[in-house]
1. Identify the single condition in (1) modelled with pLDDT under 90; (2) surrounded by 21 or more Cβ atoms within 10 Å (Cβ to Cβ); (3) not aliphatic (A, V, I, L, M) that S192 does not satisfy, given that it satisfies every other one.
2. Do any strands (runs of 3 or more DSSP E) lying entirely in region 26-140 carry at least 3 residues that are open to solvent by 10 Å² or more (accessible area, probe 1.4 Å) and of a type outside the set (S, T, N, Q), and which ones are they?
3. I need the strands (runs of 3 or more DSSP E) fully contained in region 246-311, keeping only those with at least 1 residues that are out of contact with any helix residue (DSSP H, G or I) (no Cβ under 9 Å at 6 or more places or on another chain).
4. If you check I254, I185, I205, I228, which single one turns out to be among the hydrophobic types (A, V, I, L, M, F, W, C) and open to solvent by 40 Å² or more (accessible area, probe 1.4 Å)?
5. Could you list, in sequence order, all residues of region 267-295 that are out of contact with any strand residue (DSSP E or B) (no Cβ under 6 Å at 6 or more places or on another chain) and open to solvent by 50 Å² or more (accessible area, probe 1.4 Å)?
6. Of all residues in region 78-130, how many are in contact with a Pro (Cβ under 8 Å, 6 or more places away or on another chain) and within 20 Å of I61 (Cα to Cα)?
7. Find the residue count for region 148-174, including only residues that are surrounded by 16 or more Cβ atoms within 10 Å (Cβ to Cβ) and either modelled with pLDDT under 75 or under 12 Å from D130 (Cβ atoms) (or both).
8. Could you check region 311-332 and list, in sequence order, the residues that are under 45 Å from the mean Cα position of the chain (by Cα) and open to solvent by 60 Å² or more (accessible area, probe 1.4 Å)?
Amino acid sequence: MAGSFQADFSSVVFLAALFGCCWSVNPGLRTALTSKGLNYACSVGIPILEKELLTVAIPDISGDADTPIGSISYSLSNIKLVSFKIPTASITSSSGGLSAQASGISIYVTADWHYREDSWPHISDSGSLDVSGSSISLEVGVVMGADSKGHATLSSTTCSFNIGNLDVHFSGGAAWLYNLFSDDIADSLKDSLRGQVCDEAKSTINTQGNAALETLPVIVQVDSISEIDFRLLQSPSFTSEYMETLHKGEFYSIAHPVEAPFTPPPLPPIANTTKMIYFWLTDYIAESAGFVYTMAGALQYNITPDMIPSSFPFKLNTASFKALIPELYQKFPNWPMQLDLNATKPPDFTFSPSLGGNLTVFGDMAVEVVSPTNKSMQLAFVLGLILYADASVAVKTNKSGGDIATFNATFLKVDMTLLESNVGDFNVAVLQTVVNLVCTGFVIPTINQYGSTGIPIPTVDGVTLVNPTVTFGQVNMSMQRGTQKTNIFL
């Protein structure tokens, strides 16, 4: 699988894009960045690091040396790192964090030289030099954490830059003289380069890496009603195969933020690491969304006569129900009707390997009649409804270029009960076709409008998921809601 990690050097530290603080609760969202993903990010970021290292400012070098012509003082100035090539690099994870290693590095350095004889007649001369380096390796250790608000942080803590061979060649003037003590010059250059390269590598990771992590969403507004919380629950855990991160993954009301009255289930151990990155989206995320929208009164829908398509086999008029519910027509002859749909509790989302996604919606439908004379409304009857639907999940790119997990519901059936009636008792089965059409024509499309908005998948800027696949898994927990999970494998 190929991915698109179009970013600055932050691509190398996308591995650090998800971290945690210290909340001991189960996550609504879990991610695992595998060795394959780390190394892909590394391959994208290495050219950026090579470019950054060419900006290293190497200080002038001076010293004294004994030569066949006597004691001299020398200096190297205008030292420039002209080429820095990293042919092989990788990132590995362990219990202590992450380590980026590069080997087979080659460098090319240029500088100006000058010397002056210490005693009379103080002969001096100058020229240029070229330095070729090989058998060089670089290793940088990175630790990750999070601040108190759940934002990710990273810090490069260790660095080693080991230079195997430096071939120094002097040109111009008394170059033969400098070549006599080129080993001393090479040692001085090695000492200077070790410090400067490590400082620049650590600075690049710290500065650009943390800047990239600032783009990782923590609180994302979905619409005028809700936002989703991606704060990090605890510090990441590491194995030799992946880095695991845990996120709160919960919808909140913008106007009245409160915790959902249920908790996410524990997730199973990570068993598969063949892809670059894995996201586990538990149904806790979807159910917390349902809770927010239900409490906000957003899952209400009124259907008026002018909204009924001409293709429907009925109109919202009591005349259409004369044969089905005679008392309705007798009491309100030829009166217009209105259907008031209302969710009575949050929808239930479940996912399983065998059945995929399932959605259950709990609500009622108040059937009102409208007086033809004064337009006043009277309640005719109320049906209790339980709607069942299949739910498919997909990963798509939204208009702003971000990746979102969307769902689409397909109607299966609806169960009905008569909760209240002002037109006498009747068999609700006579309304099955009508209610089915209401569900397929109005309820399901409304649900799918919310589903198409999607759940944003948190990534740093410039990171695009390519060829994502969705599979369903299940955790069997008998005492909790939200017991299943959706695994999005990328």
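The values are calculated or read from the model by the stated rules, or taken from the named source; none is laboratory data. What you see is a predicted model, and the numbers here were worked out from it, not measured in a lab. Note that each Cβ is placed from the backbone with ideal geometry, even for glycine, and that neighbours are counted across all protein chains shown. Surface accessibility is based on the protein's heavy atoms, side chains included, excluding ligands, DNA and RNA. Shrake-Rupley method; radii C 1.70, N 1.55, O 1.52, S 1.80 Å.
1. S192 satisfies all of (1) modelled with pLDDT under 90; (2) surrounded by 21 or more Cβ atoms within 10 Å (Cβ to Cβ); (3) not aliphatic (A, V, I, L, M) except (2).
2. Values: elements: 29-34, 61-67, 70-85, 88-94, 97-117.
In region 26-140, the matching strands (runs of 3 or more DSSP E) lie at 61-67, 70-85, 97-117.
3. Once the strands (runs of 3 or more DSSP E) in region 246-311 are filtered for at least 1 residues that are out of contact with any helix residue (DSSP H, G or I) (no Cβ under 9 Å at 6 or more places or on another chain), what remains is 277-282, 300-303.
4. Numbers: I185 fails: open to solvent by 40 Å² or more (accessible area, probe 1.4 Å); I205 fails: open to solvent by 40 Å² or more (accessible area, probe 1.4 Å); I228 fails: open to solvent by 40 Å² or more (accessible area, probe 1.4 Å).
Of I254, I185, I205, I228, the one residue that is among the hydrophobic types (A, V, I, L, M, F, W, C) and open to solvent by 40 Å² or more (accessible area, probe 1.4 Å) is I254.
5. P269, A271, N272, T274, M295
6. 1
7. Here the count works out to 5.
8. Passing the criteria: only S311.
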